Amino acid sequence: MSEQPKVFLSGDGSHSLISSTFDTSYHSKHGAITESTVVFIEAGLDYLANHGYRSIRVLEMGFGTGLNAILAFNWAKKHHTPIQYQTVEAYPISNKIASSLNYGKLCHEENIFQSLHLLDWNQNHSLSETFTFQKHLCKMEDIDLPSAFDVIFFDAFAPANQPELWTVNMLSNMIDCLEDGGVLVSFCAQGAFKRNLKTVGFKVEPLPGPPGKREMTRAIKIKNL
């Protein structure tokens, strides 16, 4: 069995992990919840809500700690906006590690947060009137995605750690998964990443990043006329 990741406390008081497999952190040391809120909730879910979406289909690359999922659960509850959430993970953390993370406490949803990790893989689960959830245990490059999405939380480890997930071929698959007008959001602002996004047909919007990062990326699938 591979060595489990190590828990550390990030700058905003929320936990994160150091991956033993990829020798890097899951989130910014400046604040895990802060980073995920800026990158995925504000640049993704808030953006779609402001553009008239009344229900949202999310594809997440990298379930990881479950932080993005619990934040999306709370967002759906707060905004009374149904979310269908699908996430893909090839290297799941143990339930023991998950139970030590403080996201459930900080988000006031401890039972839901633990359920995200304990629920069976590859099955659809209804967690509330506004949140359905399915997690796929496989590599992103191996999955045959069943439906179109409105937003992709592109939360792989950095290009230096998982280069196979940042290629033109992978991003071509990502744009094919999105409905017209859908968005891909990522903490990454690397030049090669943005060029690859443009190559496959995305309109790229550089955005101010979370604490510790000058810039992040939102990419939009332009509607066909």
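Miscellaneous remarks
- Filtered by the rule that a residue be over 12 Å from the mean Cα position of the chain (by Cα) and surrounded by fewer than 21 Cβ atoms within 10 Å (Cβ to Cβ), the range 58-92 gives ASN74, LYS77, LYS78, HIS79, HIS80, THR81, PRO82, GLN84, ALA90, TYR91, PRO92.
- Checking VAL200, VAL185 one by one, the residue that is of a type in the set (Val, Ile, Thr) and closer than 29 Å to SER94 by Cβ is VAL185 and no other.
- Once the range 11-26 is narrowed to residues that are in a loop (DSSP other than H, G, I, E, B) and either modelled with pLDDT under 95 or in contact with a His (Cβ under 6 Å, 6 or more places away or on another chain) (or both), the residue that is surrounded by the fewest Cβ atoms within 10 Å (Cβ to Cβ) is ASP23.
- Hey, PHE63 in contact (Cβ under 8 Å) with a residue 12 or more places away in the chain and part of a helix (DSSP H, G or I) or not: no
- Unmet requirement for ILE41, which otherwise passes all of (1) part of a loop (DSSP other than H, G, I, E, B); (2) surrounded by fewer than 21 Cβ atoms within 10 Å (Cβ to Cβ): (1)
- Any helices (runs of 4 or more DSSP H) falling wholly within the range 96-210 and containing at least 1 residues that are among the hydroxyl-bearing types (Ser, Thr, Tyr) and surrounded by fewer than 21 Cβ atoms within 10 Å (Cβ to Cβ): 110-118, 168-177, 191-199
- Going through (1) outside any helix (DSSP H, G or I); (2) closer than 25 Å to PHE22 by Cβ; (3) touching a residue at least 40 places away in the same chain (Cβ under 8 Å) one by one, THR81 falls short only on (2).
- The C-beta contact set for the range 94-113 (first residue over 11 Å from THR65 (Cα atoms), second residue at pLDDT below 95, distance under 6 angstrom, 6+ apart or interchain) is empty.
The values are calculated or read from the model by the stated rules, or taken from the named source; none is laboratory data. Owing to the predicted nature of the structure, the values given are computational and were not obtained by experimental measurement. No Cβ is skipped: glycine too gets one built from the backbone with ideal geometry, and neighbour counts run over all protein chains shown.
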